[in-house]
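Shown next, in structure tokens, is the structure this report addresses.
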Amino acid sequence: MRAQLSSELLKLRSTRTAAGLLGALLGLVVTAVVLHGYGVPSANLETPSGQLTFLVGWGEVLGSLFAGLLGAMSITEEIRHGTIRPTLLVTPRRGRVVASKGLAALLAGLVFGLVATSAAVVAGRITLAARGLDVTLDGGDYGLLIVGGAGAAAMWAVIGLGVGATIRSQVPTIVGILAWVLFVEGMLVDNLPGLGRFAPGALGQSLSGLRPDTLLAPSIGAALLALYALAALAAGSVMTIRRDVV
Amino acid sequence: MNDHESFEVGALTALGGSMVTVNNVTKRFGELVATDDVTFSLQPGTVTGFLGPNGAGKTTTLRMLLGLAKPTSGEALILGRRYAELDEPVRRVGAVLESNDFHPGRSGRNHLRVLALAAGLPMSRVDAVLELVALGSAAASAVKTYSLGMRQRLGLAAALLGEPQLLVLDEPANGLDPAGVRWLRDFLRAFARAGGTVLVSSHVLAEVAQTVDRVLIIDRGRLVADSVLDELAGRGQTLEDAYLELTTGASS
């Protein structure tokens, strides 16, 4: 399993996919925080929960989304380019392949989450200072944002892997993840908050302490999101084991 | 003698010396019968050509042998075991199924390192196989810059990483230049002389006739010939005569 993990980590390092996603994530987080820092009414940026939800929380949201895309692409790119064949010839125990991909995705997702939330913190402080607003977030808030954001992104990467291993085709997988995170979840949380807060994106946000009035407590969110990740990994594993590789 | 060797000697003896035994393998995709009751075995020290029109079931058979697809019925075994049950499969079997199973942005060397890491092989094997297929100078370049012939050689390098006893190659000469074709033929003959087993599919019958000891011909999912090449010649038939007589020619 250690051999497979080091192979999976080299796969992530030896193409531009992961680095490109990380660079795009970093640019998008800074852009989102700066634009919202200028556009959101100042009344919404005075309380700690307002600064978390409307400003630096973008680090968690985008970090988890991109981690999910990376996790998904870690399997769909192999299927698309055919490297899944040599991968399975070396390691015919497919459950072991999916498990080591899950571990690699978890680690990469942690990095994505850390980078995204840290960048959001820095960009948020600079933007607030430039606008002349006080920073009302304290070290505990930042700690929860960064640790929670890293954890959420790590689990989102595993969820993405499970979705990718189940759908297999790259474009529908990516479109599906984007549509879910950007549209379906927003509508669910806004219109049916009682249900929407149990959706995986909302659970990720709860880990970082975003929207505490609507979303669950971080610890409960973490436990439920971990269940999602395990279920997605199990589904991806079963689908990979059962189906023929063409 | 280590455990693997004693296992292999035991298995080979028990199997009557067969490296590969395919027993009554049938694969259905809904109504379509891709392979129909295919049975053959392969002996160490031989090169076997696997011939048939496009869509006849060659690749499906190879996939089942390599554990990528499950037979609907029957079994395809290597050293008496299903592929997934082999310990250290890359030390037993090297296979190339498609000529382009690479990430275009990954270098040839990293492609091999990824596989060597997963197989627990030392990185010195990566350099050894790169040198063997003469790809050393291009190893640091992304695969998307490779010609078809270079991709074939990289695929073969990956198959040879674990110094396997059985090589399974689907159309390995496709895209090779004349010198590459000669090199591959000599390599496969030498591999078999050293006790290795080779199964190679091809459409290039003239090349097959120069390389293999034996041919399996499959047509519409059924094995229609399993002959030593010399037997065909003894009947006054060329390989091409036999092939065209036995197959429908209605290639897709």
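Read-outs throughout are calculated quantities, based only on the coordinates presented, and are distinct from any laboratory measurement. If you're wondering where the values come from, they're calculated on a predicted model, not measured in any experiment. With ideal geometry, Cβ positions are generated from the backbone for all residues, glycine too; neighbour counts draw on all protein chains shown.
Figures for the structure shown
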quantity: Loop-located trypsin sites (Lys or Arg not before Pro) in segment B:92-138 whose Cβ has at most 16 other Cβ within 10 Å (DSSP); calculated: none
quantity: Listed pairs B:58/B:144; A:101/B:144; A:11/B:144 exceeding 26 Å between Cα atoms; calculated: B:58/B:144
quantity: Shielding by partners - mean other protein chain Cβ count within 10 Å, residues of B:177-185; calculated: 0
quantity: Listed residues B:34, A:105, B:162: farthest to the positive end of the dipole of the protein assembly as shown (Cβ charges); calculated: A:105
quantity: Amide hydrogen neighbours beyond the local backbone of residue B:225, cut-off 5 Å, H modeled; calculated: B:217
quantity: Inter-chain shielding of B:100-112 (mean C-beta neighbours from other protein chains, 10 Å cut-off); calculated: 4
quantity: Under the Karplus curve 6.51 cos²θ - 1.76 cosθ + 1.60, θ = phi - 60°, whole-Hz ³J(HN,Hα) for segment A:9-16, x wherever Gly or Pro sits; calculated: 5, 5, 4, 5, 7, 9, 10, 8
quantity: For chain A, built as a Gaussian network whose Cα springs stay under 10 Å, the top-fluctuating residue of A:175, A:111, A:61; calculated: A:175
quantity: Label-point separation in nm, residue A:122 to residue B:123, each point 7 Å along Cα→Cβ; calculated: 3.0 nm
quantity: Gaussian network model of chain A, Cα within-10 Å springs - most flexible of A:106, A:195, A:70; calculated: A:195
quantity: Axial C-alpha extent at least 15 Å, average Kyte-Doolittle at least -0.5 - helices from chain B (DSSP); calculated: B:3-14, B:108-119, B:148-160, B:178-193
quantity: Point-to-point label distance, residue A:246-residue B:70, nm (Cα→Cβ direction, 7 Å offset); calculated: 1.8 nm
quantity: Net charge contributed by nearby residues that have their C-beta within less than 12 Å of residue A:148 (K/R +1, D/E -1); calculated: -2
quantity: Most positive-pole-ward Cα, B:107, B:68, B:89, against dipole of segment B:1-158 from beta carbon charges; calculated: B:107
quantity: Sequence-distant residues sharing a close amide H with residue B:72 (under 5 Å, placed H); calculated: B:26, B:27, B:28
quantity: Cβ charges +1 (Lys, Arg) and -1 (Asp, Glu), total dipole of segment A:1-103, debye; calculated: 780 debye
quantity: Net dipole in debye of the protein assembly as shown [+1 Lys, Arg Cβ; -1 Asp, Glu Cβ; about Cα centre; nearest 20]; calculated: 400 debye
quantity: Neighbouring partner chain Cβ atoms per residue of B:83-90, average, 10 Å criterion; calculated: 3
quantity: Among B:237, B:132, B:118 the positive-end extreme of the charge dipole of segment B:3-246 (Cβ point charges); calculated: B:118
quantity: Among B:31, B:131, B:75, residue whose mean-square fluctuation peaks in a GNM of chain B (springs only between Cα atoms under 10 Å); calculated: B:31
